[in-house]
Amino acid sequence: MLKKYPIIASVTKDDQLAKVLESDVTRVNLMTGHIGNLESIMGQLHQAGKQVYVHLEMVGGLGRDAHAVGYLAEKFKVDGIVTTKSNAVAAARQAGIKSIQRIFIIDTAALQTAVRMINSTQPDEVELMPGLMPRVIKELKSTIKQPLIVGGLIRYEKEIVEALDSGADYISIGDPSMWSGH
């Protein structure tokens, strides 16, 4: 049994839905489904007491503009969105929902660009991908004021501990066995 960690369930496949509903995690980043089944998925997750952040670029049939974000907020009562798009962060604020700005750091230039974008768009939280970079986690955490989520390629409890020790606030993970006890 894993120790209790601040885990966010990254649901990337439909067959993970039953597992996340049974889990103790309270937050879900939804990266599966489509506009046709989103109402059903959202209903189940909210009924189970989960906060749901819909990934704009990964749930099928969604646009990536302010109208799509507003529709998600109004029609599906999403708690927030996950996005790589700066304009969607602003749209979420306008729609009265939370936003997670997802960034991919592959080199120093990407890190500098990400920090400028975060300072400009002011998302509620930032998700750093991949999450296996302790030095980069420390550096990014020291330059932003938002809570920092790290995810991607994390497989072992020791990697969760290392990321948290480096300054991460939450760990986003897609392995249902890591959702227990949270």
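Counting only the backbone N, which residues of the stretch 125-152 are under 15 Å from the spot 7 Å out from the Cα of ASP169 toward its beta-carbon? Answer for the stretch 125-152: 125-128, 138, 140-151.
Under the rule a/c < 1.5 gives rounded, and otherwise a/b versus b/c splits prolate from oblate, where does the chain land using the Cα gyration tensor? Since a/c reaches 1.5 but b/c is at least a/b, the shape of the chain is classed as oblate. Maximal additional length on extending the GLU139-HIS46 stretch stands at 30.0 nm, based on 0.36 nm per residue less the C-alpha distance. Normalised per residue, the accessible area of the chain is 47 Å², obtained with a 1.4 Å probe and no contribution from ligands, DNA or RNA. Taking a sphere under 11 Å around the Cβ of LEU56 and counting the other residues whose Cβ falls inside, with K and R at +1 and D and E at -1, yields a net charge of +1. Where only DSSP H runs of four or more residues are counted, the chain gives -11000 deg cm²/dmol as its mean residue ellipticity at 222 nm, each run worth -39500 (n - 2.57). Within the shell defined by Cβ-Cβ distances under 15 Å, the residues around VAL78 carry a net charge of +1, with Lys and Arg each +1 and Asp and Glu each -1.
Lysine pairs in the stretch 1-134 whose alpha-carbon atoms fall under 19 angstrom of each other, counting only those eight or more residues apart or on distinct chains, come to 11.
Accessible surface of the stretch 125-182, 1.4 Å probe: 54 percent of it comes from carbon and sulfur atoms. List the trypsin sites (Lys or Arg not before Pro) within the stretch 28-126 that DSSP assigns to loop and that have no more than 14 neighbouring Cβ atoms inside 10 Å. Sites meeting the loop and neighbour criteria: LYS77. Label positions at VAL161 and SER180, each projected 7 Å from the Cα along the C-beta direction, are separated by 1.8 nm.
Rank PRO123, ILE97, LEU140 by how far each Cα sits towards the positive end of the charge dipole of the stretch 79-158 (+1 on Lys, Arg Cβ; -1 on Asp, Glu Cβ) and give me just the farthest. The residue sitting most towards the positive pole is LEU140.
The values are calculated or read from the model by the stated rules, or taken from the named source; none is laboratory data. The shown structure was predicted, so the numbers you read here are calculated from the model rather than taken from an experiment. Here Cβ is always computed from backbone atoms with ideal geometry, including for glycine, and neighbour counts include all displayed protein chains. Side chains are part of the model used for accessible areas, which takes the heavy atoms of the whole protein and leaves out ligands, DNA and RNA. Shrake-Rupley method; radii C 1.70, N 1.55, O 1.52, S 1.80 Å.
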